[in-house]
Amino acid sequence: MWRYLFKRSIISIFTIIGIIIVVFFIVRILPGDPALVRAGPYASEKKIKEIREKFGLNDPLLDQFKDYFFKIMHFDLGTSIRTGGKVSEELMERLPASLELAFYGVLFSLILGVPLGILGSAFKDSWIDWFVRIFAVFGSSMTFFWLGLMLTFFLFFKFQWFPGPVGRLSVGRLPPDEITSFYTFDALLKGDLYLLIESFHYLSLPVITIGFVLSAPIIKIVRSAMIDSLESEYVRTAKAVSIPYLQILFRYCFRNALLPITTTVGIVFGYMLGGNIIVELIFSWPGVGRYAYDAIRVNDIEALQGFVIIVGILYVILNVIIDLTYAWIDPRIRLEGIAN
């Protein structure tokens, strides 16, 4: 097991280095002049030249990369052109909000998608299965932008069932003392029931938006994997020896379907780490996605690089966790990984 983990860790380190290299050179070819952005539209040529010299923008790309790579090794992602603050600190302040939103969004998609996928496979070609398949198609055709706006319009503006898109808490409400930086977890650990309820209340609309859209691929994967298992030889044998159907369904079929389900969950969660920009904008969520959007608008190179690198590192870590989960679910994967 340790050899398996060591091998995956080495691969991950090289992957992260590759991410840093690719991100650095891609960001450098984006249109726009970061020195002009920092100086302002009315700055003189002399001022712009001074800024280029100060931040090394006139240096050869290789020298800029060496300097940037050295800073990253010390977790220095540079200074934001837009805010003037350290990118690493600003991202770390906003990352918990994005992680909390992604966590509950994916959790809700699992709560919605896994049971529906199992129902669709258990009652294949029945009206239940048709309902599940139509629901999955409907979810696949939905977009975060449209669904988020519709939920905000009806559930907030029309019926006032949920709070408006103002962030993680109501205006003027102080956040809980930082323990995990997840408001719901911190409120629970502090025993503040009112704050816990309020945190979930403000999470509701963005989580429903994310969970509904992401449940569609989970439904399809679960249904397909369960049907393959139900039509296998060992299930036919289990039915022949009169093993209860529910035991076959959950103990044997669902366990064998865990690998594709784990893969889908990993892809979905990884996508949410950097792909929930639209949701964060609609609901004024103070996460890294909204931070990246603001960086793109003003060509804030340092902030944009920092965002992509942080998300890339998190995605690599997530893949290592998925690999270890594979090895825990199916020991044959671990043994094959060590043998190779």
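The values are calculated or read from the model by the stated rules, or taken from the named source; none is laboratory data. Since this is a predicted model, take the numbers as computed values, not measurements. Note: ideal-geometry Cβ built from the backbone for every residue, glycine included; neighbour counts use all protein chains shown. The area values use the complete protein model at the heavy-atom level, side chains included, leaving out ligands, DNA and RNA. Shrake-Rupley method; radii C 1.70, N 1.55, O 1.52, S 1.80 Å.
Against the definition (among the hydrophobic types (A, V, I, L, M, F, W, C), crowded, with 16+ Cβ neighbours inside 10 Å and not in a loop (DSSP other than H, G, I, E, B)), how does LEU107 come out, yes or no? Break it down stepwise before answering.
Working: among the hydrophobic types (A, V, I, L, M, F, W, C): yes; crowded, with 16+ Cβ neighbours inside 10 Å: no; not in a loop (DSSP other than H, G, I, E, B): yes.
Taking the combined requirement at face value, the residue does not satisfy it.
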- Query: When you look at SER98, is it in a helix (DSSP H, G or I) and under 17 Å from the mean Cα position of the chain (by Cα), yes or no?
  - Reply: yes
- Message: Looking at the structure I just gave you, is LYS54 more than 30 Å from SER284 (Cβ to Cβ) and modelled with pLDDT of 75 or more?
- Response: no
- Enumeration of residues in region 214-251 that are β-branched (Val, Ile, Thr) and either closer than 18 Å to ILE118 by Cα or not in a helix (DSSP H, G or I) (or both): ILE218, ILE219, ILE221, VAL222, ILE227, VAL235, VAL241, ILE243, ILE248
- Residues of region 199-245 being surrounded by fewer than 20 Cβ atoms within 10 Å (Cβ to Cβ), of a type in the set (S, T, N, Q) and closer than 24 Å to TRP130 by Cα, which ones? SER224, SER229, SER232
- Provide a single number: the residues in region 140-190 that are small (Gly, Ala, Ser), farther than 15 Å from SER204 by Cβ and loosely packed, with under 13 Cβ neighbours inside 10 Å. 2
- Here the residues within region 110-128 that are surrounded by fewer than 18 Cβ atoms within 10 Å (Cβ to Cβ) and part of a helix (DSSP H, G or I) are ILE111, PRO115, TRP127, ILE128
- Message: What are the pairs with Cβ atoms under 7 angstrom where one residue, in region 3-20, is more than 18 Å from TYR315 (Cβ to Cβ) and crowded, with 16+ Cβ neighbours inside 10 Å and the other, located anywhere, is modelled with pLDDT under 85 and of a type outside the set (A, V, I, L, M, F, W, C)? Sequence gap at least six, or different chains.
- Response: TYR4/ARG334; TYR4/GLY337
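Can you tell me which residue is nearest to TYR291 (Cα to Cα) among those in region 47-92 that are in a helix (DSSP H, G or I) and of a type in the set (Ser, Thr, Tyr)?
Per the criteria, the residue is SER88.
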- Item | Residue in region 187-200 that is within 24 Å of the chain's Cα centre (by Cα) and not in a helix (DSSP H, G or I) present | no
- Provide a single number: the residues in region 52-80 that are aliphatic (A, V, I, L, M) and open to solvent by 30 Å² or more (accessible area, probe 1.4 Å). 4
